[in-house]
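Let me begin by presenting the structure, written as C-alpha cells, before commenting on it.
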C-alpha cells in the first residue's frame, strides 16, 4: 500500500516547473493576498507593542482593576469585528480558489489565474466542512494528542473530495475521507514531516515569505497527487472534476 513519496514529490516539482500558467505566479498572488489580509486583521483586532507594555505595567504593579478596564478598552469595535469577519471570508475564498487552481493544473484542465476567485461558490460548504471536522478533531484531542492527530489525517481528504464532488454532503465527504485514508494516515504524516525544513524556514521574517511562495504550492500539489493516488487505489471515490 506504500506510495512512492520521493517520486510523488518529484512529480509535484515537475508540475510546478512546467505549468502554464505558472504555479509560482499564482502562489505569489495567493501568499501576498493572505499576508495582506492577515496584516489588516491584526491591525484591526490585535494589540500593539505599546499597548502590551502598558498592560504589563498594570499587572506588574498589581493593579488588576485598571488592567481589566484597559483590556476592555482594547477590545475591537463592532465595526472592526465586522471588517475582520469579511477579511476571514476573503481568506477562505482565496485558499479554496488556490486549491482549485492546483487541481486544474495537476489534472491539466486549463487552469487560469481567475481560479483564485473560484472559492465564492463552495465557500459556505467548505466553511461548514472545516467547522465539522474541527469539532471532530477537537473531540478526539480531548482523549489525547495522538488520537487528535490521527483524526486530523483521517479527515484530511474531505476538502478535496468536496471540490471533486460538489453533490456530496458534508458527512459524505467525511465518511469518504475516512474510508480513503485507511492504511495511509502514517504515510500522510511522513509526507508532512518531509516538509519540516520548509516549515521552519517559513517562520523566519522576510525570508519566510519567499520560502512560502515555493513551499505552499509544493506541499499542496504533493497532497493533491497523493489524493489522486489514494483514490485510484481504493477506487472509493470516482472523479468528476
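Read-outs throughout are calculated quantities, based only on the coordinates presented, and are distinct from any laboratory measurement. Because the structure is predicted, anything quoted here is derived from the model rather than measured. Neighbour counts are summed over all protein chains in view; Cβ atoms, including those assigned to glycine, are modelled from backbone coordinates with ideal geometry.
Annotations for the structure displayed:
- By the Stokes-Einstein formula, at 1.306 mPa s and 10 °C, the stretch 141-241 with its Kirkwood radius over alpha-carbon pairs has D equal to 107 µm²/s.
- Square roots of 5 times each gyration tensor eigenvalue, C-alpha, the stretch 139-181, largest first, Å: 22, 9, 7
- The label point for residue 179 and the one for residue 229, both projected 7 Å from the Cα toward the Cβ, are 2.2 nm apart.
- Kirkwood hydrodynamic radius over Cα pairs of the stretch 76-215, then Stokes diffusion coefficient at 10 °C and 1.306 mPa s, in µm²/s: 93 µm²/s
- Residue ranges 168-180, 197-209 sort as 168-180, 197-209 when ordered by packing (mean number of other C-beta atoms within 10 Å per residue, highest first).
- Share of Cα-Cα pairs in the stretch 165-211 lying beyond 16 Å, as whole percent: 60 percent
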